[in-house]
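*Asks:* This structure is in structure tokens; I'll ask about it shortly.
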Amino acid sequence: MKMSGNDASKLRELSESPAGRLLWRYSLPAVVGMLVMSLYNIIDRIFIGQGVGPEAIAGLAITFPVMNLSAALGVLIGAGGSARLSILLGAKNYDDARRTLCSSLILLMAIVCCYLCCFAIFIDKILIAFGASEVTLPYAREFMLYILPGMFMTNFAFTFNNFMRASGYPVKAMLTMLIGAGCNLVLAPIFIFYLKLGIKGAAIATDISMMISAFFVLSHFFSRKSTLHFSGSREMYRLKAKIVLPVLSIGAAPSVVNAAACFINVIINKSLYFHGGDMAVAAAGIFTSYTSMMTMVVVGICQGMQPIIGYNYGAGRLDRLRRTFWLAVGVSTVIVTTGQTIGLL
């Protein structure tokens with residue numbers, strides 16, 4: 001595979017531009033995208049609370065662990081594949097980079113289809129195990145049944161959003177997030193209030209928004225104008241150990257962290273219901289949406305850091321890798337400390 005002049009220039013910046021400037025250029029779009037997604041989640045819950053009621057908010061909170069579990073499975077490929085892609089691009093191994101992109105598509109499709117089938121078949125048992133009561137189960141079930149197609153699209157949008165950033169397009173990756181958030185912000189009140197579809201209206205609005213985001217990001221990799229794009233050769237999609245194992249090994253750590261967050265959320269929901277009932281679960285769901293905004297800032301910085309350190313690791317520029325890493329750690333620490341201080345005030 002031969003790199004175009006524009007793509008080669010974008011990737012060359014990762015090993016030549018000052019680390020601070022690169023971290024700013026890659027992290028700012030990622031932070032903006034993640035904050036917008038968090039903000040639209042908060043607004044979505046406001047719409048549901050106003051249009052359906054507090055019990056619906058509690059039912060929605062029960063679905064958070066399920067959504068986190070699906071995200072954990074998507075991160076296995078999204079984080080692992082994009083990190084591996086950065087390393088291969090830094091090493092100028094463009095053929096294996098393209099194989100990693102194509103293999104990740106197959107892996108993601110297999111994983112998403114498996115967990116969606118499990119969710120669809122055992123949805124009531126899963127929601128009850130995750131803390132749903134007689135009051136919140138109908139809301140949680142209705143939301144989950146309608147959000148399942150959107151979860152498919154969400155995994156594709158977020159996974160290949162990471163690939164887009166890793167291949168030198170941080171601003172275009174941000175647009176993927178903004179498009180989905182903007183569409184949902186417009187569609188959610190229409191489906192909830194105007195069409196009076198209630199909580200399932202919020203799910204349908206999310207489905208449509210994520211489908212648009214997924215089509216946007218996938219169109220980049222299906223376009224022949226993109227140097228790194230899906231191949232027409234079947235051989236590129238054949239799952240080989242030397243391609244698949246590094247993706248899974250790198251993605252395992254963030255995937256396990258997300259899965260752990262899922263089960264912690266389950267414990268919190270069940271404890272809150274036991275001690276305070278459905279309204280305590282609803283209140284925790286609102287609080288979680290608020291606190292996630294601070295987390296998303298740090299996540300955005302990490303997403304901006306990943307292509308830089310991955311590319312320089314592959315290129316053998318370990319000095320730049322260490323400089324970028326410690327710079328990102330310092331910035332994240334300052335942001336978290338400042339946020340906590342403001343929160344205490």
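The values are calculated or read from the model by the stated rules, or taken from the named source; none is laboratory data. On a predicted model such as this, the values are computed, not experimentally measured, just so you know. Every residue, glycine among them, receives a Cβ derived from its backbone with ideal geometry; neighbour counts consider all protein chains shown.
*Asks:* Between a residue in the range 23-45 that is over 30 Å from Ala58 (Cα atoms) and any residue that is small (Gly, Ala, Ser) and outside any helix (DSSP H, G or I), which pairs come within a Cβ distance under 9 Å, given they are 6 or more apart or on different chains?
*Replies:* Arg25/Ser17
*Asks:* Another question, then. Does Ala214 satisfy the condition of being crowded, with 19+ Cβ neighbours inside 10 Å, under 20 Å from Ile147 (Cβ atoms) and not charged (D, E, K, R)?
*Replies:* For Ala214, the condition - crowded, with 19+ Cβ neighbours inside 10 Å, under 20 Å from Ile147 (Cβ atoms) and not charged (D, E, K, R) - is met.
*Asks:* Can you pull out every residue in the range 46-103 that is assigned to a helix (DSSP H, G or I), within 30 Å of Gly316 (Cβ to Cβ) and of a type in the set (A, V, I, L, M, F, W, C)? Reasoning before the result, please.
*Replies:* Let us first name the residues in the range 46-103 that are assigned to a helix (DSSP H, G or I), namely 46-51, 54-90, 94-103.
Filter once more, so that each one left must be within 30 Å of Gly316 (Cβ to Cβ): 75-90, 94-103.
Listed by number, the residues that qualify are Val75, Leu76, Ile77, Ala79, Ala83, Leu85, Ile87, Leu88, Leu89, Ala97, Leu101, Cys102.
*Asks:* Same structure again: Quick test for you: out of Ile42, Ile46, pick the one residue that is closer than 20 Å to Val298 by Cα, surrounded by fewer than 20 Cβ atoms within 10 Å (Cβ to Cβ) and of a type outside the set (Ser, Thr, Tyr).
*Replies:* Details: Ile46 fails: closer than 20 Å to Val298 by Cα.
On inspection, the qualifying residue turns out to be Ile42.
*Asks:* Looking only at residues that are modelled with pLDDT of 90 or more, among the β-branched types (Val, Ile, Thr) and closer than 12 Å to Ala157 by Cβ in the range 180-220, which one is nearest to the chain's Cα centre (by Cα)?
*Replies:* Val217
*Asks:* Pairs only if they're at least six apart or on different chains, beta carbon under 9 angstrom, first in the range 154-175 and under 18 Å from Ile87 (Cβ atoms), second surrounded by fewer than 24 Cβ atoms within 10 Å (Cβ to Cβ) and among the basic types (Lys, Arg); list them, first residue then second.
*Replies:* Met164/Lys172; Arg165/Lys172; Ser167/Lys10; Gly168/Lys10; Tyr169/Lys10; Pro170/Arg25
*Asks:* I'd like the full set of residues that are surrounded by fewer than 17 Cβ atoms within 10 Å (Cβ to Cβ) and out of contact with any Leu (no Cβ under 7 Å at 6 or more places or on another chain), limited to the range 108-122.
*Replies:* Met109, Ala110, Cys113, Cys114, Cys117, Cys118, Ile121, Phe122
*Asks:* Could you pull out the residue among Phe263, Phe274, Phe287 that is more than 23 Å from Asn161 (Cβ to Cβ), at pLDDT 75 or above and either surrounded by fewer than 16 Cβ atoms within 10 Å (Cβ to Cβ) or in contact with a Pro (Cβ under 6 Å, 6 or more places away or on another chain) (or both)?
*Replies:* On the way: Phe274 fails: at pLDDT 75 or above; Phe287 fails: at pLDDT 75 or above.
Exactly one residue qualifies, and that residue is Phe263.
*Asks:* Can you say whether Val336 is surrounded by fewer than 16 Cβ atoms within 10 Å (Cβ to Cβ) and either at pLDDT below 85 or part of a helix (DSSP H, G or I) (or both), as far as the supplied structure shows?
*Replies:* Values: surrounded by fewer than 16 Cβ atoms within 10 Å (Cβ to Cβ): yes; either at pLDDT below 85 or part of a helix (DSSP H, G or I) (or both): yes.
So Val336 passes the test.
*Asks:* For the range 125-139, does any single residue satisfy the condition of being under 21 Å from the mean Cα position of the chain (by Cα) and not hydrophobic (A, V, I, L, M, F, W, C)? Give the derivation first.
*Replies:* Filtering the range 125-139 for residues under 21 Å from the mean Cα position of the chain (by Cα) gives none.
Within the range 125-139 (the criterion being under 21 Å from the mean Cα position of the chain (by Cα) and not hydrophobic (A, V, I, L, M, F, W, C)), the answer is no, since none of the residues qualifies.
*Asks:* Return only the number of the condition from (1) under 30 Å from Arg98 (Cα atoms); (2) among the small types (Gly, Ala, Ser); (3) surrounded by fewer than 20 Cβ atoms within 10 Å (Cβ to Cβ) that Ala166 does not satisfy.
*Replies:* Failing condition for Ala166: (3).
*Asks:* Within the range 56-69, identify whether any single residue is at pLDDT 90 or above, of a type in the set (A, V, I, L, M, F, W, C) and under 30 Å from Leu245 (Cβ atoms), and answer yes or no. Working first, answer last.
*Replies:* In the first step, residues of the range 56-69 are kept if they are at pLDDT 90 or above; the result is none.
No, the conditions are met nowhere in the range 56-69.
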